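Reading through the C-alpha cells given below for one structure.
Quick note: the coordinates plus some simple rules give every number you see, no bench work behind them. As the structure is a prediction and not an experimental result, all values here were calculated from the model. For neighbour counting, all protein chains shown are included, and Cβ atoms are generated from backbone atoms with ideal geometry for every residue, glycine included.
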Amino acid sequence: MTLRPSRLLAAVFVLLFSAAGVQAQGQAQDQTQPAAAAPAGGPLAGVNVLQLSIAPLSADSQRCGLQQDLVLESFQQPLVAEGLSVQRSAHVRIVVTATTVVYEGGTCISTIGAMATQNTRYFDRQTQAERAGQVLMWSDSGLFVTGERDHVVLTNIGFRDLARSFVRKWQLDQ
C-alpha cells in the first residue's frame, strides 16, 4: 500500500496535533495540582514584644527641631496601634537613628533609619565556645531635606512611616 502525499501529510499532522494535545493536557493537569505551600512565618513571626531605642541626637538634629521624646512617640504610635508591646527589655530591639546636617541658609538634611535586631547565641566550632551576637531582622531608612521650620514635622511623619514599614513586614511574617 502506497500513501499519496496528501494522505502522508494528513497523517503527519494528526500525529503532531495528537502529541501536542497530550502535552497540553499534561500541562493542564500540572496547573490544577496544588502549589507547594510557602514556609510559615518569617523572621518576625511570633514577635509581639519589642524594645525601642533612640540613638542620641546631634546638635544639628536638635537645631532642626528633632527631640528624643517626639521621635519615640512618632515611631511607637503605629506599633502600639497594631497591638505590639514596647518594653524596656525584649529579645527584638529596634534602634532608631537620625543624622542631620544643616546646610547654608537654614536647610536641614536628615537621614533617618531604623533597624530591628535580635539577640542570639550560637556555638562556635573553631573556638569550642558559646558566642553571642545579633541578627538583623528588618531595616528601612529615608532622607528629608527641608527648611528649619518644617523639618521636625516632616521627619516625625517619616519616623511614623518607618514604623508602618516595620508593621507591614511584621504582618507578612505572621
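Taking the Cβ of residue 101 as the center, what net charge do the other residues with Cβ under 11 Å away carry, scoring Lys and Arg +1 and Asp and Glu -1?
-1
Quote to one decimal, in nm, the extra length available between residue 73 and residue 145 on full extension: 0.36 nm per residue of separation minus the C-alpha distance between them.
23.8 nm
Rounded to the nearest 0.05, what FRET efficiency is calculated for residue 130 and residue 154 with R0 set to 41 Å and r the Cβ-Cβ distance?
Given R0 = 41 Å and the Cβ-Cβ separation, E is 0.35.
How far apart, in nm, are two points set 7 Å out from the Cα along the Cα-to-Cβ line at residue 174 and at residue 62?
The two pseudo-label positions are separated by 3.9 nm.
Report the local net charge at residue 65: Lys and Arg +1, Asp and Glu -1, summed over other residues whose C-beta lies under 10 Å from its C-beta.
Counting the neighbours of residue 65, the net charge comes to 0.
Net charge near residue 52, counting Lys/Arg +1 and Asp/Glu -1 over other residues with Cβ under 10 Å of its Cβ?
After counting each charged neighbour, the total is +2.
Over the alpha-carbon set of the stretch 49-173, work out the extent along each principal axis and list the three values in angstrom, largest first.
Taking the Cα atoms of the stretch 49-173, the three principal extents are 58, 34, 24 Å.
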